Amino acid sequence: MKKKMLLLNTTVLLGLGGVLSPPAYASTIQDMESQKSQIQNQRQDVQSNIKAASDELTRLQAEQDQMKAQLERLTLAEEENNKKAQKTEADIKETSKQVDQLEKEIKLLQEKLEKRNDILKDRARSMQESGGNVEYLQVLLGSSSFGDFVDRALAVSTIVDADRGILKETKNMQDELKTKQADVKSKLASLEDMKAELDEMTVQLAAQKKQKDALAKELKDKEAKNEELKASLQSKDSSLANEQSTLEQNIKDQKAAEEAARKAAEQAAKEAAKKAAEQAQKAAAEPAEKADSPSPKAAPKASSNDVAPTSAPAPKASNVVTVGNRWIGNSAYVFGGGRSQSDINHGLFDCSSFVHWAYSQVGVNLGPLGSVSTETLKHAGTQVSSSQMQPGDLVFFDTYKKDGHVGIYVGGGKFIGAQSSTGVAIANMSSGYWKQKFNGRVVRI
């Protein structure tokens, strides 16, 4: 009986061993787990690349927005300079008309004076022939010019009333002629200055147009690269999503298969055990002992990484040398610009208004903003030798006129100012164009 029981128990255990042993696809699960680890590593790399690409996309977008803003500033500056150029052209035409009219009036006065000159000469000859006043004759003979004769004759008290009236009228005509001639000279000088300003503005407009076109091309190129980057990101993201979806589906299928196999094994084990028990009861009255073996479970390990926050250093206070750096690449030159809050908000300056703004940011008032110019700034402080130049001093350049441009010396042979071709920028005055234009005037505020 005992031998039969031993044989029966051995048979049952062998049967159970066949049911509870790992299935044939266990190695496939291990392969998938390894594949899962590899895909996870690849996914981390792809996600890292996607983040880097996203950061670059954000940077390009910010740069694109900045260039669009600069293009808008240049367009606005171009419009303002065009208006100024048109107004200057109109002023030149109007002044030319006034000059032509003055020249006609001067010609008429000269003709009248020549006639008066002939009349007075005739009067003097008549008086001489009739034995007239000797003092009057001495005035005529001692005068160096007709104008001198008139001045001398008016001082002679013995001149007859008729002659005195002619002389006074002639004197008034001479004074009027001098006034008109001085007015003509002044208007002509103003006309020349306006023409110089117009020529300078034409150069500025051309430079700004060239800069605008270059920025437009650069913006177009960057937009193309931006679109290419977006397409690359979308392709990577789609590929990553497909790999992730495939991996999750494979893991899901394998888990389902493993769960089905486990349940089938449990069910088979129960049925085998039940059958073995029934056979054992028939073979012997002694109950079979059952042994349970607990299956250990591996506790997952958890890990965490702590990143210590970093704090950025606080920025240092700006001074007049560096306060204008914020406008570099974010401004445009406008002849006569920078004299309203709207212009300042849009970064539209000329050289003198930028200097006025920079000093106002450090609490120094250089006079009324509406009337600031290179002429007012060169008298705003103390003149110092160029050999004693220090950062913060005003430096002047002869461009379209004497002291036509001004900037703030920053040291190292450089200055910051609003230039016609660049807007606010730092330029080198120790060589090239600005070295040639620097006139040695340095003003310390």
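The values are calculated or read from the model by the stated rules, or taken from the named source; none is laboratory data. If you're wondering where the values come from, they're calculated on a predicted model, not measured in any experiment. Cβ coordinates were reconstructed from backbone atoms using ideal geometry, including for glycine residues, and neighbour counts include every protein chain displayed. In case anyone asks, the SASA skips ligands and DNA or RNA and just uses the protein heavy atoms, side chains included. Shrake-Rupley method; radii C 1.70, N 1.55, O 1.52, S 1.80 Å.
For this structure, a couple of remarks:
- Answer from Glu200, Glu218 - the residue that is open to solvent by less than 90 Å² (accessible area, probe 1.4 Å), of a type in the set (D, E, K, R) and either at pLDDT 80 or above or farther than 30 Å from Glu72 by Cβ (or both): Glu218
- Answer residue from the range 317-361, given it is in a helix (DSSP H, G or I), of a type in the set (Gly, Ala, Ser) and open to solvent by 20 Å² or more (accessible area, probe 1.4 Å) and is nearest to Val395 (Cα to Cα) among those: Ser360
- Number of the condition not met by Val443 [criteria: (1) over 21 Å from Phe335 (Cα atoms); (2) of a type outside the set (D, E, K, R); (3) open to solvent by 10 Å² or more (accessible area, probe 1.4 Å)]: (3)
- Total residues in the range 331-349 satisfying the condition of being touching a strand residue (DSSP E or B) at 6+ places or on another chain (Cβ under 6 Å) and not aliphatic (A, V, I, L, M): the figure is 5.
- The one condition from (1) without any contact (Cβ under 8 Å) to a residue 24 or more places away in the chain; (2) under 26 Å from the mean Cα position of the chain (by Cα) that Thr75 does not meet is (1).
- Residue in the range 405-424 that is within 26 Å of Leu198 (Cβ to Cβ) and surrounded by fewer than 19 Cβ atoms within 10 Å (Cβ to Cβ) present: yes
- Filtering the range 62-84 to residues that are open to solvent by 70 Å² or more (accessible area, probe 1.4 Å) and out of contact with any Gly (no Cβ under 9 Å at 6 or more places or on another chain) leaves Asp65, Lys68, Glu72, Glu79, Lys83.
Table: residues versus (1) at pLDDT 65 or above; (2) of a type outside the set (Gly, Ala, Ser); (3) exposed (fewer than 13 other Cβ atoms within 10 Å of the Cβ).
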site	(1), (2), (3)
Ala90	yes, no, yes
Gln101	yes, yes, yes
Gln110	yes, yes, yes
Glu129	no, yes, yes
Gly132	no, no, no
Val139	no, yes, no
Ser157	no, no, yes
Lys178	yes, yes, yes
Ala182	yes, no, yes
